[in-house]
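The values are calculated or read from the model by the stated rules, or taken from the named source; none is laboratory data. Since this is a predicted model, take the numbers as computed values, not measurements. As a convention, Cβ positions derive from the backbone with ideal geometry for all residues, glycine included, and neighbour counts pool all protein chains shown. Note: areas computed on protein heavy atoms with side chains; ligands, DNA, RNA excluded. Shrake-Rupley method; radii C 1.70, N 1.55, O 1.52, S 1.80 Å.
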There are 2 protein chains.
Amino acid sequence: MERLPNVMKTILLDHGSGGRASQQLIGEVFLRYLDDPVLHRLEDCAVLEAQTGRLAFSTDSYVVDPIFFPGGNIGELAVNGTINDLAMRGARPLCLSLGLILEEGLAVDDLERIIAAIAGAGKTAGVPIVTGDTKVVPRGKADKIFINTSGIGVVDSDCEITADRAGKGDRIILSGTLADHGITILTRRAGLKVAGDLKSDTMALHTLVALLNSKLSGAVHTLRDPTRGGLATTLSEIAEATNLCMMLDETAIPIRPAVAAACELMGLDPLYLANEGKCTALVAADKADKVLALMRSTREGRDAAVIGEVTADYPGRVVLKTAIGGERLVEPLSGEPLPRIC
Amino acid sequence: MERLPNVMKTILLDHGSGGRASQQLIGEVFLRYLDDPVLHRLEDCAVLEAQTGRLAFSTDSYVVDPIFFPGGNIGELAVNGTINDLAMRGARPLCLSLGLILEEGLAVDDLERIIAAIAGAGKTAGVPIVTGDTKVVPRGKADKIFINTSGIGVVDSDCEITADRAGKGDRIILSGTLADHGITILTRRAGLKVAGDLKSDTMALHTLVALLNSKLSGAVHTLRDPTRGGLATTLSEIAEATNLCMMLDETAIPIRPAVAAACELMGLDPLYLANEGKCTALVAADKADKVLALMRSTREGRDAAVIGEVTADYPGRVVLKTAIGGERLVEPLSGEPLPRIC
């Protein structure tokens, strides 16, 4: 990595003024990593080719604390998170915008690591950053860095993946292990040293979704990524939207032993913890085996499991069949703020 | 305005957790004002109709301090600002996303005023908010509210408005008076009581641009909104992009007496202050009169004036012919941070 000029060791207010210092920051940090030719035009907005198909549009701000954590940093989280929001409607992500709010005094080295992670995640996913904006606020008026990414995608005409398509009998598939991202952030923030290898699962899921769409068109009715509020809250939303019951089998939910142990230690229910590289798929019962096998054939979905079924038992509710044979009502997250998890 | 439940007077961390409290905030504050049916689906992303034509995509974060100011607040600024970024490439704005970062403790009344302003500005402009996201950070980790808006627009195939289309002989037109927004924010922040009626010029310019495109197709070569860094910095960027000289006539630049007086008082050069409802148009010399007349026939452009000409005199530079007949080199903004102006 080339050394930056000495003058640019920390972010100054001037870097957000729109003048010379802003241009220097853009040129020497951002454009070194972000190489999309549309972005390099540095116009007020990006102009892209015309697209065939419906447009998908999503936005997410990322305020995670800490900004660096095992398995990633706020940069790749911001790229993968918005790609996944697009993918959850079956969209092929086309491009992203990048809006940065920087706190005066942020180390430029840290910013550079984050921009490199953004560029890397964008390249891995094949989704370029095509337009951006940077603001700087005085010390103490933000916390290091907040990132907004918005994304445009294209939804093919035969693709209809929405919450209200879920139906009775659908199988509920989780694409991988539960709560990895949430428990990693929370143990890190609490300064806990826990045994085992906790790390964020941040990962883009659009190629997995595209594979399902192309090989098993129509099989997937609903997709959601259980981020804030976790699996419990995400499934509650689907239960409410459909007025059906999401009946989960506790023993079927994949969770790493280290994650389960850390949740136990901190008194947290993994059903409420955020996941960043996982999705919940509600799929036609007669296609569930095929969807599961296809998911498991991929890197993103190798730990996928059928974790439950859509029933009419408790309309609008999520219910957990526990390991000891009971049934427990699972409420959406309420009154337990877990801030800055993403 | 209906009263909100007593429990919701200030923003709590829980409002950003993605659970019940988030849903309550979305339902009782956001969706009361923002009424687009696509937004009301509350899916992870919006799905829009297919569009004919190239897509324009822009993002901007707004961190203005104070959040309420004469002439507007951070809400309409965020809507109009991103609409204008799209319009500066000749795009018809289609829709916006809304990303909010709220500080714990923000008064819900203030948030509601801002959301109402966002909804109002969106309606006035005919550009709906179709997708959104809200995060809450602990007290002291942000300053009240930061807003990101990203926008999608459509650029017609015969429309080509870019910095590098400006040519020698082009006239430089400013669509209205200079520095209104910047001086309003700065005097307000300094607690200065100044004589005269200072207020922000925040305003969407896309209908003005659409009118120019439809009536005088091809006449406008380059459009920029002189926001951060002001007219001086914006024109410097065009001068550098074209390697031509932007020769300005000081006496021709429209500025309100109250703005000029406040700039004098604060020792600020209005050429460097932000404008939020103005654009700079570089237009073919033989069409300049028609563009000017058309602009002046609109509410947005009634104070428009030809303020200079593109020449080859000082390549890559902005030069001001002063009132007393001299020539002054105008550098882009440097070393004078004017933070949180937008």
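Key figures for this structure:
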quantity	calculated
Drop in accessible area of at least 10 Å² in the complex versus isolated chain, residues of region B:14-33, 1.4 Å probe	B:14, B:16, B:17, B:18, B:19, B:20, B:23
Tensor-based shape of region A:27-152 (alpha-carbon gyration tensor, a/c under 1.5 rounded, otherwise prolate or oblate)	prolate
Options B:125, B:47, B:153, ranked by Cα towards positive dipole end of region B:13-155, top entry (Cβ charges)	B:153
Label-point separation in nm, residue B:216 to residue A:217, each point 7 Å along Cα→Cβ	5.0
Electrostatic dipole magnitude of chain B [Cβ: Lys, Arg +1; Asp, Glu -1; Cα centre; debye, to 20]	420
At least 50 Å² accessible surface lost relative to isolated chain, residues of region B:83-98 (1.4 Å probe)	B:89
Heavy atoms of residue B:62 accessible to a 1.4 Å probe, total area in Å² rounded to 10	0
Occluded residues from region A:115-135, i.e. those whose accessible area drops by 40 Å² or more once the chain is not alone (1.4 Å probe)	A:133, A:135
Fluctuation leader among A:119, A:304, A:293 - chain A, Gaussian network, Cα springs under 10 angstrom	A:293
Global form of region B:105-144, assessed from the alpha-carbon gyration tensor, a/c cut-off 1.5	prolate
In degrees, nearest ten, helix B:74-87 long axis to first principal axis of chain B (Cα)	50
Solvent-accessible area buried by A and B, counting both chains, probe 1.4 angstrom, square angstrom	6300
Separation between Cα centres of region B:255-279 and region B:301-326, rounded to whole Å	17
Value of [θ]222 nm, deg cm²/dmol, for chain B, DSSP H segments ≥ 4, -39500 (n - 2.57) each, nearest 500	-8500 deg cm²/dmol
Signed unit charges on C-beta, dipole axis of region A:163-330, positive-most listed residue A:185, A:265, A:292	A:185
Kirkwood-type radius of the protein assembly as shown, with distances r between different C-alpha atoms, in Å	25.9
On Cα atoms only, tilt of A:257-266 relative to the major axis of chain A in degrees	80
Debye, to nearest 20: dipole size of region A:163-330, +1 on Lys, Arg Cβ, -1 on Asp, Glu Cβ	400
For region A:1-72 versus region A:86-147, the gap between their alpha-carbon centres in whole angstrom	6
Stretchable slack from residue B:261 to residue B:190, in nm (0.36 nm times residue separation minus alpha-carbon distance)	24.0 nm
Carbon plus sulfur fraction of accessible area for the protein assembly as shown, probe 1.4 Å, in percent	49
Angle in degrees between helix B:206-215 and the longest Cα principal axis of chain B, rounded to the nearest 10	40
Largest to smallest accessible area among A:327, B:300 [probe 1.4 Å]	A:327, B:300
Projected area averaged over orientations for chain A, convex hull of C-alpha atoms, nm²	18.2
The protein assembly as shown - accessible surface per residue (Å², probe 1.4 Å)	37
